[in-house]
Amino acid sequence: MTTPPLLSVEGLQVHFPAPGAGRGAVVRAVDGVDFEVFRGETLGLVGESGCGKSTTGLALMRLVEPTGGTVRLEGTDVTRLGRRDVRVLRRRIAMVFQDPYASLDPRVPVGRSVAEPLVIHRLGGDAKARRRRVLELFEMVGLHPDFADRHPHELSGGQRQRVGLARALAVEPDVVVLDEPIASLDVSVQAQVMNLLRRLQRELGLTYVFIAHDLGAVQHVSDRVAVMYLGRIVEIGDRDAVYRRPAHPYTRALLSAVPVPDPAVERTRQRIVLQGDVPSPITPPSGCRFRTRCPEVFEPCATVDPALQLAGAGRLVACHLHGVTGRQVPEENPGPADRTDRAAAS
């Protein structure tokens with residue numbers, strides 16, 4: 001892309017104290033993350049639980065404070081903003097949380113929760129005008145306006161997640177961070193919510209950072225995909241390129257675990273079973289962080305920390321197989337079925 005990115009993240013770090021692990025020990029939840037997001041696109045951020053993807057999303061909004069690095073929104077480094085300016089930032093970057101019930105106040109009608117950002121940012125006019133805006137938002141996300149007067153416990157999980165999305169859209173943000181937005185929903189409801197996200201993106205020109213561990217969901221909604229492991233991005237590139245020809249051994253292992261509904265194709269696929277457990281983010285391995293589980297580890301991996309480097313058009317990968325040896329991306333392999341096909345089949 002020749003246009004400048006809407007959101008640019010460089011060297012992002014989020015470290016937390018690690019009580020009981022020794023003096024000065026920290027949990028390196030996010031430890032040097034780099035990526036860009038362009039206006040109107042969806043960047044999928046995937047990885048195992050605990051890899052740091054949700055913390056990355058929180059750091060974009062300063063809901064957790066970055067330890068280092070920069071997050072630039074149209075050139076402005078949001079990590080250096082003062083408290084008053086952070087409030088303005090949260091109008092430009094909104095978030096939909098994983099647990100739709102926990103993210104809503106159980107004591108008030110959901111319509112008031114959707115109106116709260118309008119009140120905080122002094123948008124929408126008087127109380128009557130804000131009410132009209134809330135009802136418009138409910139219709140936009142596929143909810144009957146009468147639902148605005150209900151409490152969270154009176155709604156289903158999918159309905160609550162639609163309320164969370166309406167609240168995020170209330171301030172007309174530039175970027176919406178979606179943190180595992182379908183993880184707690186039934187499969188049939190997941191497809192509905194993903195189709196809603198795509199429709200709203202087309203109609204409103206939204207930009208998404210879609211955080212998930214469900215590789216099928218990420219494939220369905222994303223334009224580009226970034227794969228995280230132990231606080232770092234190990235591969236990032238165009239969705240189809242990453243899914244059809246994964247370049248990093250970790251990406252190949254993740255995709256090999258996703259079932260394909262065609263039995264003939266499934267029989268021909270190679271399963272990659274990773275040995276051992278994910279290392280502690282308090283004491284990550286030297287060199288490449290994936291080397292303790294990598295089936296293709298070799299000498300440089302123990303001592304040299306690989307940087308993201310080009311591995312084909314528009315693809316970056318942090319692996320010595322693409323630097324020291326000049327090894328090429330493997331031939332295209334069958335990947336997981338697109339969620340659109342699954343929804344159509346059901």
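The values are calculated or read from the model by the stated rules, or taken from the named source; none is laboratory data. Since this is a predicted model, take the numbers as computed values, not measurements. Glycine gets a Cβ as well: all are built from the backbone with ideal geometry, and neighbour counts include every protein chain shown.
Per-structure values
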| item | result |
| --- | --- |
| Any chance Glu203 is among the acidic types (Asp, Glu), on the phi < 0 side of the Ramachandran plot and surrounded by 24 or more Cβ atoms within 10 Å (Cβ to Cβ) | no |
| Meets criteria (surrounded by fewer than 15 Cβ atoms within 10 Å (Cβ to Cβ) and touching a strand residue (DSSP E or B) at 6+ places or on another chain (Cβ under 6 Å)) for Gly314 | yes |
| When residues of segment 2-24 are limited to those that are buried (at least 16 other Cβ atoms within 10 Å of the Cβ) and in a loop (DSSP other than H, G, I, E, B), the one modelled with the lowest pLDDT | Ala18 |
| Test: residue in segment 253-267 that is surrounded by 18 or more Cβ atoms within 10 Å (Cβ to Cβ), under 20 Å from the mean Cα position of the chain (by Cα) and in contact (Cβ under 8 Å) with a residue 60 or more places away in the chain | yes |
| Only one of Ala94, Ala115, Ala129 that is in contact (Cβ under 8 Å) with a residue 24 or more places away in the chain and in a helix (DSSP H, G or I) | Ala115 |
| Residues (in contact with a Leu (Cβ under 9 Å, 6 or more places away or on another chain) and more than 21 Å from Ser54 (Cβ to Cβ)) located in segment 163-205 | Ala166, Ala170, Val171, Glu172, Gln192, Leu196, Leu200, Leu204 |
| Single match in Asp31, Asp77, Asp85, Asp105 (criterion: over 21 Å from Leu165 (Cβ atoms) and touching a residue at least 24 places away in the same chain (Cβ under 8 Å)) | Asp31 |
| Gly158 vs. criteria crowded, with 16+ Cβ neighbours inside 10 Å, among the small types (Gly, Ala, Ser) and free of Cβ contacts under 8 Å to residues at least 60 places away in the same chain | yes |
| Options Leu196, Leu230, Leu204; residue that is within 22 Å of Glu116 (Cβ to Cβ) and touching a residue at least 40 places away in the same chain (Cβ under 8 Å) | Leu196 |
| Candidates Leu123, Leu165 - the one that is part of a helix (DSSP H, G or I), buried (at least 16 other Cβ atoms within 10 Å of the Cβ) and of a type outside the set (Ser, Thr, Tyr) | Leu165 |
| Some residue of segment 288-296 being surrounded by 13 or more Cβ atoms within 10 Å (Cβ to Cβ), at pLDDT below 90 and closer than 19 Å to Val14 by Cα | no |
| Among the residues listed as Ile236, Ile272, Ile282, the single one being crowded, with 18+ Cβ neighbours inside 10 Å and either in contact with a strand residue (DSSP E or B) (Cβ under 8 Å, 6 or more places away or on another chain) or β-branched (Val, Ile, Thr) (or both) | Ile236 |
